[in-house]
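Input: a single structure, listed below in structure tokens.
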Amino acid sequence: MPRSFPIIWIAAFLVVIGVELFIIDNLDPYVVAIIIYAGINIILASSLNLINGFAGQFSMGHAGFMAVGAYSGAVVTMAFRDNYPAIFNEPALQPFVFIAAIFAGGLCSAAAGVIVGLPTLRLRGDYLAVVTLGFGEIIRVILLNLESVGGARGLTNIPGITSFFWVYGFVLICLFVITRLVDSPLGRSFLSVREDEIAAEAVGVNTTRSKVTAFALGAFFAGMAGALFAHYLRVLSPAIFDIQKSFEIIIMVVLGGMGSISGSVVAAVFLTIIREALRPLQQITGTDYRMVIYSLVLIVLMLTRPRGLFGTKEITDYLPERWKARFGVRRVSPKES
Amino acid sequence: MVTAKKFLFALLAAFALTLSGCKKAPGGDQSADAPIRVGEVGSLTGLEATFGTSTHQGIELAVKKINAEGGINGRKVDLITLDNQGKADEAATATTRLVTQDGVVAILGEVASSRSLAMAPIAQSYKVPMISPSSTNPAVTQQGDHIFRVCFIDPFQGEVMAKFALNGLKIERVAIMTDVKNDYSIGLVEFFRKNFVEGGGKIVMEQSYSNGDTDFKAQLTSIASHNPEAIFVPGYYGDVALIARQAREVGIKAPLLGGDGWDSPKLLEIGGASLNGSYFSSHYSPQDTSPRIQGFIKEFKDAYGLVPDGLAATGHDAMLVLADAMKRAKSLTPSDIRDAIAATKDFPGVTGNITIDENRNARKPAVVLKIEDQKLVYETTINP
């Protein structure tokens, strides 16, 4: 079946533009903040899913990649603001500076991904998890000691450029790239590495290259998410990117289903909203029971759906057959083994 | 797939509920007898939960007192407290929520400078005044003209301990141990070093550690070989207590000096006798006999059953300064309250007379406490 360019991506992009132009200003800024964090978490979760879910390499250092992207992106925009104010303050040019900053964040992070990935991806399972955990900590400690980006005091006065449009524009790019990638020969090689590395190697898949590519791509998008985050919060401190942050992202991936992009999206949105939605509970009871409920929800969900909400399926797999073509669905859904 | 479908519906419903929170103007209900809403953001859970809890108790006590005395021009104060789990991004979201959902006229928070820095741009953009009870990083109040603090800043604490070492203890050779993970510790060290060296002292050795380390023997052995007369360790209480114990084990007899990060009952619990003879600067001393302080301690003990620490005192003061400003303000709009806070002069707070200077920082005295027989003893007060 020839693959028609899925119209849904263009439609989604138009919706993002429409929301930015007509709806977002009428919403409460608090709601907008939640929506924006949800978007950033979607990028983080789906990019980690590429590494953990599709390539099957258990990485626990995603907050580290996010930190690299956040700091490098912020440094780029701040350098432009301070050295070329004429360019930075020109409304027509500022978006390009911002895009450059986000890509700089993504590329620095991808470079870090390759540097970490090349030697460590020869490790497997638990060993890799420990190494990536260590990497995340190394990044944080380096940032703590880098006086040029504020050290432990943090980097302040980052221009607040990130808006709904930017976040969801990049969410779409990220999801588009990952969904298309997964069905490409390269993506198939990721899956083969996950399913059986020895068999994959035997049929000619360059497993190291596949793993490093997955790692670098995941890191790239995490870096972008970091840059978006930096320009939204407007202040960075190394403490934000601790192990807990990595775990938050892992939870999103596991909850959504390792190997399901729709799962990552739904879980990221759900977990971002539930924390804020439970706030009234704190105000009523006077004690913060949010984390208790949050953890309970996770336990219940994992007990009832141990492979995550979606397993390895996508949301499009649930569509009626005749719709699938229209949404550009093509892949044979892998059996939930 | 019924479960998945049900779940998606539930998700949509939750999302719709969140969205339905309607838009409110900052300032909230301005009718004559409606309660005045004041927001607080604190780390009530997470790694620094004791800081957030102490501060919250201090603020809560002040609110009770204000309301018992008839409120502000006849209107009660309604305190809305949100937890941030010790995370900067949550602190920012909570601030947005307080302003846009709850319509608060002023915000109190945070203890940690990194979280105050995340909150400040938001409070500033909505032009809602924010008072940090105890963030000592100078950058916090530089975020805008609506951001205040009621504590002294790192330069002053570093200066106080340098002055005290030179003039009070009359010592010249000091070693420094910095917590490099902690902006607070780095700030104090910077200004201690500057003032101490300018005053004729000598830093004989500088070592560093990271918050959460448990073995400090290597650094301490190296310090011991330089034989300092005191060691400046402006870290948080948990690390300091361990450092003190291990310093005695490697044979260092010199006293330790520190800042208000030491100020916790846990310090003496963990450190025990090894801390005897050490000094630190803080916001207030429970032993000060002035009726103002003794009154506060009694009220606090009655309410929570323990002696308030410095963070409770600064939290209390933040609320009192805000209440005083609201009484003086022309109206209870955020901008008038801001002007009134900025005009605060010699306000008699628990931690001393507070004057807000042109940089929106508090000018007020610091006390130096000595640890004797595992008890805190008031040593001296050092004025700005």
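Taken together, the values in this text are just the output of simple stated rules run on the coordinates, not laboratory data. All of these numbers come straight from a predicted model, not from anything done at the bench. Positions of Cβ are backbone-derived with ideal geometry, glycine not excepted, and every protein chain shown enters the neighbour counts.
Between A:LEU123 and B:ASP145, how high is the FRET efficiency from 1/(1 + (r/R0)^6) when r is the Cβ-Cβ distance and R₀ = 56 Å? Nearest 0.05. The pair A:LEU123/B:ASP145 has a calculated efficiency of 0.55.
Helix B:88-100 and the longest principal axis of the C-alpha atoms of chain B enclose an angle of approximately 40°. Translational diffusion of the stretch A:115-162 was estimated from the Stokes-Einstein equation, with Rh taken as the Kirkwood radius over Cα pairs; at 20 °C and 1.002 mPa s the coefficient is 167 µm²/s. How high is the FRET efficiency from A:SER295 to A:ILE17, r the C-beta distance, R0 30 Å, rounded to 0.05? According to the calculation, E is roughly 0.20. Amide H contacts of B:LEU44 (H built 1.01 Å from N, in plane; Pro and chain starts excluded): B:ASN84, B:GLN85, B:GLY86 sit under 5 Å, all sequence-distant by 5 or more or on other chains.
Helix B:237-249 and the long axis of chain B differ in direction by around 10°, with both axes built from C-alpha atoms.
Note on the stretch B:155-282: Rg/Rh from Cα positions, Kirkwood definition for Rh, rounded to two decimals, is 0.92.
The Cα-based radius of gyration of chain A, divided by its Kirkwood radius, gives an Rg/Rh of 0.97. Distance from a point 7 Å along Cα→Cβ of A:VAL114 to each backbone N in the stretch A:176-210: keep the residues under 16 Å and list them by number. Those under the cut-off are A:208-210. Taking the DSSP beta bridges with both ends in the protein assembly as shown, the antiparallel portion is around 40 percent. Taking 22 Å as the cut-off for C-alpha to C-alpha distance, list the pairs among A:LYS245/B:LYS217; B:LYS253/B:LYS370; B:LYS181/B:LYS301; B:LYS170/B:LYS364 that go past it. Table pairs above 22 Å Cα-Cα are A:LYS245/B:LYS217; B:LYS181/B:LYS301; B:LYS170/B:LYS364. Look at the stretch B:184-191: the mean tally of other chain Cβ atoms within 10 Å of its residues' Cβ atoms is 1. Express in % the proportion of alpha carbon pairs of the protein assembly as shown at distances exceeding 47 Å. Result: 23 percent of Cα pairs exceed 47 Å. Working from Cα pairs under 8 Å separated by at least six residues, relative contact order for chain A is 31 percent. In order along the stretch B:115-126, the Karplus-derived 3J(HN,Hα) couplings, from 6.51 cos²θ - 1.76 cosθ + 1.60 at θ = phi - 60°, round to 7, 4, 5, 6, 7, 4, x, 6, 4, 5, 5, 8 Hz, and Gly and Pro are given as x.
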